[in-house]
Amino acid sequence: MHGMPGASPASRPTDDDTAYLAAIVDSSADAILSTTTDGAIRSWNAACERMLGFTAAEMIGRSVYDIIPPDLSEGARAIRARVSMGESIESFETMRLTKQGRPIEVSITFSPVRDPQGAIVAISAIIRDVTLTKKAERGAAMLAAIVASSSDGVVSKTLDGTITSWNKSAERIFGFTEDEMINRSIRTIIPQERQAEEDRILATVVSGAMIDNFETVRLRKDGALIDVSVTVSPVRDSAGRIIGASKIVRDITDKRQTREQLRTLLAEVNHRSKNLLSLVQAIARQMTRHGRQLDLNRFLERLQAIASNQDLLIQNDWRFIPLGGLVRSQLGAFSDLIGNRIAIDGPQIELTPEAAQSIGMAVHELATNAAKYGALSNDGGRIAVGWTCTDGSFDMTWVESGGPEVAPPEHVGFGSRVISDMVRAGLDGMVEVQFLPTGLRWHLSCPLQRLSRGGHHARR
Amino acid sequence: MRADEPTHVLIVEDDPMIGFDLAVELEAAGFTVVGVAPTVDKALSLLERHHCDLAVLDVNLGQETSAPIARALVAAGVPFVAVTGYSVDQCPEEFARAPLLSKPFQTSRLVAALRRQLHE
């Protein structure tokens, strides 16, 4: 029979010994085969059959290269040459082919087999199927890579809070390196006033429960506090005992800031919408003073005038309204007359929203009045709207000419009070309204700083 | 203050139309309006120059809140009523003890709140 690795070349085995050894080989859980030095298969045990699918009868006498993938045969030849020279090679990782032609991952230990004279007559190979081990290793490596490259901090700790792993993102979030944190207490990153949280977290983990997206504050190495969301799960050993905890930490500083901005914005929307309702209420109230009926059309026109101011404000990120744009927008109904019968002239000024409301409403009232009784009520009247800024003071005029002869109105209505009293109070200014025979002349004078913040447009 | 003397009210409101409306309405209700101040500076200077018995404060003045005015009024012993478009919990603490009217409101409610302040 075949010589076995480990069999002493000095004493010749008896037939009983040989049969005994053959039985051991045949019942071995490892696949064991032997070949001649040039690769003809001489023995093939039961485990070989289980692993590779070929029976001993099929394989004895065939070339061992029949179970070696063609692209690996070169390397196999080199190995076998070394073994033929007397070298043993342990746990060589390679591939072998099953009867179905499917490659499997194996680890092979090659040994030379010597005859009683010590001459190498054969090569034995013990083959282990390592497919599952390899798969597990790859799985573990993959998991390790996922943890390492996760944008979340991934940390593990024992049940007394000692840190056992600390990934790159934990390093980025907290500023402590892996070396600094391994074997240190997780309490290092918990602010003093929140230390009790860790007691609660550990108690929860010990009970087998997990903590999902707990939002809290943690401490960076540089002493800064950061907003984090923490998920903590118990870690069990193979027997199911809880031996520690894994902790996933997400930096939610941005999220929290966004949430706070949103809350501020909603408060602003609340405030502004109620202010707008108050404004609508104020207009309705002032239009119906002294028991006057509400002129619904005029009321709706005024609401439209305010709405168009809002559009201009939004276009400029809620910071200011350009005066030129405001005047053009309030004269929207007469836009075809701008440039011929209506002249607009003045430097660019960025009005505060409040100033824009005063001036916008005034221009709206002046335009409505002009269309009804003034320069826009005939075919030839003209209007010059102009403004100047000199030495911190602002002057704006609306001068009508060529319209029907005008006379002061008999009673002071809402429109009249808007262009005078409201503008005067709102802008801390002086307003002059003259009903000249040639047409109406309106003049506003106020400190420039009352209506513009100049270059500084802080958000409200 | 004697009963036959007019009650002087300061209005602090940054919206020109609402401020104008409040002034008209309070005058109609028999108050004498000291002025409509759209900013903290303007309100404080009006307080320095004029006698005030009462004030109406819009909590939010666009770029600022009227909290400094509230502090000045408390120091001077002048009662005031706060009005706001914010919800109550969004108001600075200076307004915690003042009657607060949520915008929009009926003038009659403001007048009643002011009168109550005066007689407390």
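The values are calculated or read from the model by the stated rules, or taken from the named source; none is laboratory data. Values in this document were obtained by computation on a predicted structure and should not be read as measured data. Counting neighbours? That spans all protein chains shown, and the Cβs are built from the backbone with ideal geometry, glycine included. Note: areas computed on protein heavy atoms with side chains; ligands, DNA, RNA excluded. Shrake-Rupley method; radii C 1.70, N 1.55, O 1.52, S 1.80 Å.
Quick notes on this one:
- The lone criterion from (1) within 12 Å of chain B (Cβ to nearest Cβ); (2) more than 40 Å from the chain's Cα centre (by Cα); (3) outside any helix (DSSP H, G or I) left unmet by A:Trp318 is number (2).
- Cross-chain or 6+ apart pairs with Cβ under 6 Å, the range A:198-212 first and farther than 20 Å from A:Thr188 by Cα, then assigned to a loop (DSSP other than H, G, I, E, B): none
- Taking the criterion of being open to solvent by 10 Å² or more (accessible area, probe 1.4 Å) and under 19 Å from A:Ile123 (Cα atoms), the residues of the range A:42-56 that qualify are A:Arg42, A:Ser43, A:Trp44, A:Ala46, A:Glu49, A:Ala56.
- Against the list (1) over 30 Å from A:Trp44 (Cα atoms); (2) open to solvent by less than 70 Å² (accessible area, probe 1.4 Å); (3) of a type in the set (A, V, I, L, M), the condition A:Ile146 fails is (2).
- Residue ID - farthest from the other protein chains (Cβ to nearest Cβ), chosen from residues in the range A:224-242 that are open to solvent by less than 90 Å² (accessible area, probe 1.4 Å) and over 25 Å from the mean Cα position of the chain (by Cα): A:Ala239
- Restricting A:Gly403, A:Gly415, A:Gly426 to residues that are outside any strand (DSSP E or B) and farther than 20 Å from A:Phe334 by Cα narrows the list to A:Gly426.
- Residue within the range A:335-353 that is assigned to a helix (DSSP H, G or I) and within 14 Å of chain B (Cβ to nearest Cβ) present: yes
- B:Arg49 vs. criteria more than 28 Å from A:Gly291 (Cα to Cα) and free of Cβ contacts under 8 Å to residues at least 12 places away in the same chain: yes
- Checking A:Leu262 against (1) free of Cβ contacts under 8 Å to residues at least 24 places away in the same chain; (2) under 30 Å from B:Ser102 (Cα atoms); (3) open to solvent by less than 70 Å² (accessible area, probe 1.4 Å); (4) in a helix (DSSP H, G or I), the condition it does not meet: (3)
- Residue list for the range A:285-309, filter: open to solvent by 60 Å² or more (accessible area, probe 1.4 Å), under 19 Å from A:Met422 (Cβ atoms) and either among the small types (Gly, Ala, Ser) or modelled with pLDDT under 90 (or both): A:His290, A:Arg292
- Subset tally (residues that are within 11 Å of chain A (Cβ to nearest Cβ) and among the charged types (D, E, K, R)) for the range B:1-26: 5
- Flag for A:Thr390 being within 52 Å of the chain's Cα centre (by Cα) and either on the phi > 0 side of the Ramachandran plot or away from every other protein chain (no Cβ under 14 Å) (or both): yes
- Taking the criterion of being surrounded by 16 or more Cβ atoms within 10 Å (Cβ to Cβ) and not hydrophobic (A, V, I, L, M, F, W, C), the residues of the range A:271-284 that qualify are A:His271, A:Arg272, A:Lys274, A:Asn275, A:Ser278, A:Gln281.
- When the range A:253-284 is filtered for residues that are more than 14 Å from chain B (Cβ to nearest Cβ) and in contact with a helix residue (DSSP H, G or I) (Cβ under 9 Å, 6 or more places away or on another chain), nothing remains.
- Members of the range A:18-36 found to be part of a loop (DSSP other than H, G, I, E, B) and open to solvent by 60 Å² or more (accessible area, probe 1.4 Å), listed by number: A:Ala29
- Condition met for A:Gly413 (closer than 30 Å to A:Ser278 by Cα, without any contact (Cβ under 8 Å) to a residue 12 or more places away in the chain and either hydroxyl-bearing (Ser, Thr, Tyr) or open to solvent by less than 70 Å² (accessible area, probe 1.4 Å) (or both)): yes
- Residues of the range A:61-90 that turn out to be among the basic types (Lys, Arg), open to solvent by 70 Å² or more (accessible area, probe 1.4 Å) and under 15 Å from A:Ser111 (Cβ atoms), as a count: 1
- Selection within the range A:91-104 - closer than 17 Å to A:Leu33 by Cβ and open to solvent by less than 60 Å² (accessible area, probe 1.4 Å): A:Thr94, A:Arg96, A:Leu97, A:Thr98, A:Ile104
- Residue tally, condition touching a residue at least 24 places away in the same chain (Cβ under 8 Å), part of a strand (DSSP E or B) and within 20 Å of A:Ala148 (Cα to Cα), over the range A:231-254: 12
- Scanning the range A:192-211 for residues that are over 19 Å from A:Ile243 (Cα atoms) and surrounded by fewer than 14 Cβ atoms within 10 Å (Cβ to Cβ) yields A:Gln192, A:Glu193, A:Gln195, A:Ala196.
- Candidate set from the range A:119-133 (those that are open to solvent by less than 40 Å² (accessible area, probe 1.4 Å) and not polar (S, T, N, Q)); member that is farthest from A:Met95 (Cα to Cα): A:Ala122
- Exactly one residue out of B:Val36, B:Val81, B:Val88, B:Val56 is more than 9 Å from every other protein chain (Cβ to nearest Cβ), of a type outside the set (Asp, Glu) and open to solvent by 10 Å² or more (accessible area, probe 1.4 Å), and it is B:Val88.
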